[in-house]
1. Just need a number here: residues in region 33-51 that are modelled with pLDDT of 90 or more, among the β-branched types (Val, Ile, Thr) and outside any loop (DSSP other than H, G, I, E, B).
2. Within the set of pairs 6 or more residues apart or between chains, which connect a residue that is farther than 26 Å from residue 52 by Cβ inside region 165-182 to a residue that is assigned to a helix (DSSP H, G or I) with Cβ atoms less than 6 Å apart?
3. Mind checking which residues of region 196-209 are surrounded by fewer than 16 Cβ atoms within 10 Å (Cβ to Cβ) and either over 20 Å from the mean Cα position of the chain (by Cα) or charged (D, E, K, R) (or both)?
4. What's the total number of residues in region 128-172 that are assigned to a helix (DSSP H, G or I) and either acidic (Asp, Glu) or touching a Cys at 6+ places or on another chain (Cβ under 6 Å) (or both)?
5. Considering only residues that are among the hydroxyl-bearing types (Ser, Thr, Tyr) and modelled with pLDDT under 50, look in region 52-95 and name the one that is surrounded by the most Cβ atoms within 10 Å (Cβ to Cβ).
6. Can we say residue 190 is under 25 Å from residue 15 (Cα atoms) and either surrounded by fewer than 13 Cβ atoms within 10 Å (Cβ to Cβ) or aliphatic (A, V, I, L, M) (or both)?
7. Of everything in region 163-195, what is over 24 Å from residue 40 (Cβ atoms), within 21 Å of the chain's Cα centre (by Cα) and among the small types (Gly, Ala, Ser)? Give them in sequence order.
8. Which one is nearest to residue 204 (Cα to Cα), of the residues in region 162-176 that are small (Gly, Ala, Ser) and either touching a strand residue (DSSP E or B) at 6+ places or on another chain (Cβ under 8 Å) or surrounded by fewer than 20 Cβ atoms within 10 Å (Cβ to Cβ) (or both)?
Amino acid sequence: MSLATVTAFRGHELLATGALRDVARVVWRAVKDAESHHGAVLVFDDATGRVIDFEMRGDERAMLAHVDVMLRMSQAARVHTNDEPNGATSGDSVDPVPRPRGRPKLGVVAREITLLPRHWEWLATQPGGASVALRKLVDAARRTNSDEDRTKAARDVAYRFMHAMAGDLSQFEEVIRALYRGDDARFHELVAEWPRDIAAYSAQLAFPASSLMERAP
């Protein structure tokens with residue numbers, strides 16, 4: 001749970017979007033207003049697509065206090081994650097090799113790797129030698145995997161929201177197939193039959209780049 005920004009829906013209508021505390025106030029008034037009971041109010045974490053539960057049994061001050069606790073817990077979780085060493089796990093058993101003299105500012109670390117002869121032969125022909133070629137290959141793979149991971153994460157976030165809000169809407173299963181195929185055009189074609197706010201938010205989560213272009217003047 002990140003809680004950087006959230007979005008609230010009342011039925012199929014977008015109620016509010018923005019910082020958690022601001023949206024919580026809007027949700028509080030909507031839930032407590034006897035004239036606004038036109039569907040359940042659900043709040044979604046924009047970063048995960050998961051529903052956020054508010055404490056509504058007390059007054060508004062108690063609800064906001066609960067929200068502040070949620071925000072502190074979310075911030076503490078992010079700090080803990082950021083403090084973890086890159087790639088480190090509790091099960092790591094690789095003994096670090098003492099950093100040799102030479103280029104301490106670059107953070108170069110020497111470790112043994114094992115390759116087949118044909119790999120070494122290819123590396124020997126690369127500009128800068130084996131070390132430079134390996135670093136370039138690793139960086140390229142990291143960029144590729146990072147892009148793929150972000151794409152998959154966006155699809156999973158969109159699926160969580162749609163499963164909660166659009167499971168009974170027309171062509172739901174076809175929409176999900178288009179989502180995981182990465183078929184942007186088919187996805188937008190299908191969700192166009194959905195309530196406007198549900199369709200727009202689903203597209204924003206699933207294909208953020210194309211949604212931004214559509215909103216551009």
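1. Going through region 33-51 one residue at a time, the tally reaches 2.
2. The qualifying pairs are 171/190; 174/190; 178/186; 178/187.
3. Of everything in region 196-209, just one residue is surrounded by fewer than 16 Cβ atoms within 10 Å (Cβ to Cβ) and either over 20 Å from the mean Cα position of the chain (by Cα) or charged (D, E, K, R) (or both), namely 196.
4. Final tally of qualifying residues: 5.
5. Per the stated criteria, the residue is 89.
6. yes
7. Within region 163-195, 178, 182 qualify.
8. Per the criteria, the residue is 164.
The values are calculated or read from the model by the stated rules, or taken from the named source; none is laboratory data. Owing to the predicted nature of the structure, the values given are computational and were not obtained by experimental measurement. Don't worry about glycine lacking a Cβ; one is built from the backbone with ideal geometry, like all the others, and counts go over all protein chains shown.
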